[in-house]
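Notes follow the structure.
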Amino acid sequence: MVDQAGALADRVWKRYDRRERLIRYAVMLVTLMVVVWAVRDIDIFWPWVWDAPNQISSLGARMWPPDPSRLEEIVNAMIETVHIATLSTMLTIFIALPVAYIAAQNTTPNRACLWLGRFILVSSRSVNTIIWALLFVAIFGPGVLAGILAIMCRSVGFIGKLMGEAIEEIDRRPVEAMQATGASKLQVIAYAVVPQVMPAFFAIVILRWDINIRESTVLGLVGAGGIGVILQGSIDTFAWTTVATILIAIVVLVLIGEAITSLLRRKVI
Amino acid sequence: MTRSETSAPATPRTWRKPPFIANPLLRYGLLAVLVIYLVWAFGSLPFNWARISEGLPRAARIFGGGFPPSFERFDLLLTGFKESLQIAVLATLLGVLLSIPFAVMAARNVAPLPVYFLGRAVIILSRSFHPVIVAILFVAAVGFGPLAGILTLTLYSIGFVGKLLAEEIEEIDWGQVEAMKATGAGYFAILVYAVFPQILPRQVGLSMYQLDSNLRASAVVGIVGAGGIGGTLMNAFGRYDYAFAFAILLVIIAVILISEGVSGWVRKKIW
Amino acid sequence: MLEISHLTKRYGHDEPVLKGLDLRVEDNSVVAIVGASGAGKSTMLRCINRLVEPTSGSIILNGMELVALRGGALRRARRKIGMVFQGFNLIDRLTVMENVLAGRLGYVSLYQAISRRFPQTDIERAFTLMERVGIAQYANKRADELSGGERQRVGVVRALMQEPELLLADEPTASLDPRTSEQIMMLLQSLASELSLPVLINIHNVAQAKTYTERIVGLRHGKMIFDGAPDDFNEEALDAIYGGIEAPDDATTESPTASREVGHDAI
């Protein structure tokens, strides 16, 4: 009787074993410490935090109703935004493909090219579009050109990296077959590599175009053209109802972009 | 008789590659649309060639001034990064926690229709806006500083994690939910016992990904005044202190590479 | 005529895959190369068209030394050597016709290749050969829409488009069902005699080798241990080539007889 009760007491059900539990607690403890440090150390004036919901809703109230009086100007700026995204995506292709080619292990001509390619991809990807824009605005002055260059510089890394991976993943056997026919290096690429990476290429470019539409809406905040210029101007002049119109326009644009990309994906791939 | 007629090559047999788009009208139509678009787009953009030609010497001056990068104001750089890291950590924590209810709301199979639309709308809205736009609005609402950055990146995380998590919930094994229903469990009990265990591994991976992603974004929201290293960078550019600006850029690149590596390593460990 | 002498291939510092191989193939004969997997069959074939770089030795095709060739000269030599692969190695996303015309890549310019403007004679030849093997009706189908046997026919036609002086076939039937593989072997045999073309076929299936070829070469551990007519290829030769292959300590056994005993023990 007593024994039975003891046996029952021993049968404690546990979700995790000891080691797992220890790791779990350690991870939680570290996370907790980081969070506590972040909360205590961060330079925030806490009364503002409790006031934030009020401030946000009051800003929202000031935005209502959206003011359509500058709609034509806004639509033109939106078209410019789309142009920036589209042109820079198209131009990027011409740079990204050679970079992908030299940055893929199975097609790179030599090790120096491989590292050059990887360096270009990493530096392009690590710098955000808007920082690129900052740089190009400093060089070429405010305007669309800086925006296009900024988006190109960021997209090269994106398209180049994914295309490089696609090239590295191709089936080697057709390449071997083409070499066996006596084809030159470029002919091997045209027949055995290009057809294999085509679907990936379309998918990647379409994806990047979709991303670039969003990215090009903020270029104007640092003066690099597009809808952001008007947005910044309206915020600076506290024209909150115009800001609301612009925000709605951006949502509409992004939704249209998503519809187009999903259509393209279905049709092309 | 007919056989020999068809097989005899009376005329030299030709072969052309079948075109990518079979319908010639559509094919040339699309080509024309593309050409017209390019002409229109290039034509409508105001390129100022004089200013562009001025730009090249200016580029040389900027890069010349930027090298070697100066780490003289290292403590300023450190403060900026510390703030960026704090923003990223807090925003990830808040975003990942808040993304769970929104993901449940935006999953068609567990949420009632009106709630579903609300959840989807929140996610679509927060995904439509680039974090920098959101940041500029929060700066306007709650003032300059890291609070605006945290709010921005929290919203950004809700959009991204929430969307993927909602898709994950929509794909769960429904059998487990039915089993829980059969035991007579209530709605929240079902969520906790049959839904969350199935999405938890994904959620942990996504959180790591989002931390990396937020760290990147926290470097740029500062450009519009939402705290972090971005503000320091913007100031350096504004004061034409290119040596310091390039130093910041180099450190940003290094930090992003490290964070990408760590996040990738952790995600590999978990899966 | 193909003359291979002292052909050796080693990868890195491992045991050589081919150990001083000698082989002479007269014009217009079909030779089967049999051997267990890892015996060096595939390496030998790939050394001939230099898809694999031989470590030493000499390969002379119709009076030309192949081992010393580089760059353009190598490509001109390769276009005279057709190859048929185990996995067909077709370019799945291109049409059958494009795959077939790819056999002419060694002869046309890059512009012709990319714009698919091949000379009329090539197109004629492609249609003739495709009719010969019965795939002409698929000319504009994508290669991945075809069945295995049809795909291998495309592979054969692609090799023949090169107007080869030598045809190499690396396990051409290993990915096919028995009936289709018989058909492909029959096709290779009759094409060889129609075009009076020497053909080297790597093959696993000894029965097919005996039925469709005139000469059988047996490889084991990179050495030739049988060379003779199909009729001479008896149980003993079979055991010498395949016996004891499954035994783990097999790599160290030198003489075929020793490994044969191991083989019997294993069974």
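The values are calculated or read from the model by the stated rules, or taken from the named source; none is laboratory data. What you are looking at is a predicted structure, and each value in this text was computed from that prediction instead of being measured. Heads up, the Cβs are rebuilt from the backbone with ideal geometry, glycines too, and the neighbour counts pull from every protein chain shown.
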What are the residue pairs meeting all of these: first residue in region A:35-47, first residue at the interface with chain B (Cβ under 9 Å from one of its Cβ atoms), second residue of a type in the set (S, T, N, Q) and part of a helix (DSSP H, G or I), Cβ atoms under 6 Å, and 6 or more apart or on different chains?
-> A:ALA38/B:GLN86; A:ILE42/B:GLN86
Could you say whether any residue in region B:200-209 is free of Cβ contacts under 8 Å to residues at least 24 places away in the same chain and over 30 Å from B:ASP75 (Cβ atoms)?
-> yes
Might you let me know whether region B:73-83 holds any residue that is closer than 25 Å to B:SER218 by Cα, surrounded by 14 or more Cβ atoms within 10 Å (Cβ to Cβ) and facing another protein chain (nearest Cβ under 8 Å)?
-> yes
Go through region B:130-140 and count every residue that is without any contact (Cβ under 8 Å) to a residue 60 or more places away in the chain and out of contact with any Ser or Thr (no Cβ under 8 Å at 6 or more places or on another chain).
-> 2
Taking only region B:103-158 into account, find how many residues are under 21 Å from B:PHE196 (Cβ atoms) and assigned to a loop (DSSP other than H, G, I, E, B).
-> 7
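Pick out the one residue from B:VAL122, B:VAL115 that is in contact with a helix residue (DSSP H, G or I) (Cβ under 8 Å, 6 or more places away or on another chain) and without any contact (Cβ under 8 Å) to a residue 12 or more places away in the chain.
Working: B:VAL122 fails: without any contact (Cβ under 8 Å) to a residue 12 or more places away in the chain.
Every option except B:VAL115 fails the conditions.
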For A:ALA77, the lone unmet condition from (1) crowded, with 20+ Cβ neighbours inside 10 Å; (2) within 14 Å of another protein chain (Cβ to nearest Cβ); (3) under 30 Å from A:MET163 (Cα atoms) is (3)
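Matching residues to (1) among the charged types (D, E, K, R); (2) surrounded by 14 or more Cβ atoms within 10 Å (Cβ to Cβ); (3) away from chain A (no Cβ under 14 Å); (4) not in a helix (DSSP H, G or I):
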position	(1), (2), (3), (4)
B:GLU178	yes, no, yes, no
B:VAL192	no, no, no, no
B:ILE199	no, yes, yes, no
B:LEU215	no, yes, no, no
B:SER218	no, yes, no, no
B:ILE223	no, yes, no, no
B:GLY230	no, yes, no, no
B:ILE256	no, yes, no, no
B:GLY264	no, no, no, no
Residue check: is A:ALA150 buried (at least 21 other Cβ atoms within 10 Å of the Cβ) and within 10 Å of another protein chain (Cβ to nearest Cβ)?
-> no
Answer yes if at least one residue in region A:87-107 is under 22 Å from A:VAL252 (Cα atoms) and more than 8 Å from chain B (Cβ to nearest Cβ), and no otherwise.
-> yes
Is it the case that A:ALA180 is modelled with pLDDT under 95 and either of a type in the set (Ser, Thr, Tyr) or touching a strand residue (DSSP E or B) at 6+ places or on another chain (Cβ under 7 Å) (or both)?
-> yes
Would you please name the residue that is nearest to the chain's Cα centre (by Cα), looking only at residues in region A:204-251 that are of a type in the set (S, T, N, Q) and part of a helix (DSSP H, G or I)?
-> A:ASN212
Within region A:197-224, which residues are within 13 Å of chain B (Cβ to nearest Cβ) and among the charged types (D, E, K, R)?
-> A:ASP210, A:ARG214, A:GLU215
Can you tell me which of C:ILE203, C:ILE241 is farther than 30 Å from C:ALA136 by Cα and β-branched (Val, Ile, Thr)?
-> C:ILE241
Quick check: anything in region A:18-26 surrounded by 14 or more Cβ atoms within 10 Å (Cβ to Cβ), of a type in the set (Val, Ile, Thr) and not assigned by TED's automatic domain parsing to the domain that holds A:PHE238?
-> no
Out of region C:162-200, which residues are charged (D, E, K, R), assigned to a loop (DSSP other than H, G, I, E, B) and over 11 Å from the mean Cα position of the chain (by Cα)?
-> C:GLU163, C:GLU165, C:ASP177
Do we find that A:ALA103 is at pLDDT 90 or above and within 27 Å of B:ASP212 (Cβ to Cβ) in this structure?
-> yes
Identify all residues within region A:123-143 that are crowded, with 18+ Cβ neighbours inside 10 Å, in a helix (DSSP H, G or I) and free of Cβ contacts under 8 Å to residues at least 40 places away in the same chain; write none if there are none.
-> A:SER124, A:ARG125, A:SER126, A:ILE131, A:TRP132, A:LEU135, A:ALA138, A:ILE139, A:PHE140
Among strands (runs of 3 or more DSSP E) completely within region C:22-98, the ones holding 1 or more residues that are within 13 Å of chain A (Cβ to nearest Cβ), among the hydroxyl-bearing types (Ser, Thr, Tyr) and without any contact (Cβ under 8 Å) to a residue 24 or more places away in the chain are none
Return the total of residues in region C:113-135 being at the interface with another protein chain (Cβ under 10 Å from one of its Cβ atoms) and out of contact with any Leu (no Cβ under 9 Å at 6 or more places or on another chain).
-> 8
Expected single match for more than 7 Å from every other protein chain (Cβ to nearest Cβ) and either touching a His at 6+ places or on another chain (Cβ under 9 Å) or loosely packed, with under 11 Cβ neighbours inside 10 Å (or both) among B:ALA32, B:ALA41 is B:ALA32
Assess whether A:VAL156 counts as being crowded, with 20+ Cβ neighbours inside 10 Å and within 23 Å of B:GLY64 (Cα to Cα).
-> no
Is it true that some residue in region C:141-158 is among the hydrophobic types (A, V, I, L, M, F, W, C) and either outside any helix (DSSP H, G or I) or within 18 Å of A:VAL194 (Cβ to Cβ) (or both)?
-> yes
